[in-house]
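Working notes, structure below.
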Amino acid sequence: MKSQQTMKPATAAKKLGVYLEATPEEFQAGVVSRDELNELQANPPQWLADLRRNGPHPKQLIAQKLGISTSGLVRAGITEALTTEQINAIKDENPEWLVRERATYVEFKAEEARLAEKARLDEQE
């Protein structure tokens, strides 16, 4: 019999794209099997749907929603999880730091793409 692969709640929360501290206590206290994770992804319970919709969100998702890097969040002083409403308020306000971090992120992604293309071309030689 094959043993069931399990993961820590923090790993499962990351795979689900949610902030661990906002999940139900029983989720945080247990372990999650691969089958349970697949079931949560396929048929999210109300708490998961609400978390994904309203937050609070983990920093990786906050950065993604703002179009910046997680380092950019830190430079902006954002270290706590934010709700969708808080993220939308930042977008609406469009502060100078956000404009600057978005530009930095675009430059970073362009350089990353250039290096990947260069590596691909070097492999063909």
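The values are calculated or read from the model by the stated rules, or taken from the named source; none is laboratory data. Model, not experiment: these values are computed from the prediction. With ideal geometry, Cβ positions are generated from the backbone for all residues, glycine too; neighbour counts draw on all protein chains shown. Side chains are part of the model used for accessible areas, which takes the heavy atoms of the whole protein and leaves out ligands, DNA and RNA. Shrake-Rupley method; radii C 1.70, N 1.55, O 1.52, S 1.80 Å.
Which members of region 50-66 meet the condition of being open to solvent by 30 Å² or more (accessible area, probe 1.4 Å) and of a type outside the set (D, E, K, R)? Walk me through how you get there before you give the answer.
At the first step, the residues of region 50-66 found to be open to solvent by 30 Å² or more (accessible area, probe 1.4 Å) are 50, 52-54, 56, 59-61, 64-65.
Of everything in region 50-66, those that are open to solvent by 30 Å² or more (accessible area, probe 1.4 Å) and of a type outside the set (D, E, K, R) turn out to be Asn54, Pro56, Gln60, Leu61, Gln64.
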ask   = Is it true that Gln46 is without any contact (Cβ under 8 Å) to a residue 40 or more places away in the chain and open to solvent by 80 Å² or more (accessible area, probe 1.4 Å)?
value = yes
task = Those residues that are in a loop (DSSP other than H, G, I, E, B) and under 10 Å from Arg102 (Cα atoms), I need them from region 52-69; list them, please.
result = Gly67, Ile68, Ser69
query = Of all the residues that make up region 17-30, how many are in contact with a helix residue (DSSP H, G or I) (Cβ under 7 Å, 6 or more places away or on another chain) and over 20 Å from Gln86 (Cβ atoms)?
reply = 4
When residues of region 3-28 are limited to those that are open to solvent by less than 40 Å² (accessible area, probe 1.4 Å) and of a type in the set (Val, Ile, Thr), the one nearest to the chain's Cα centre (by Cα) = Val18
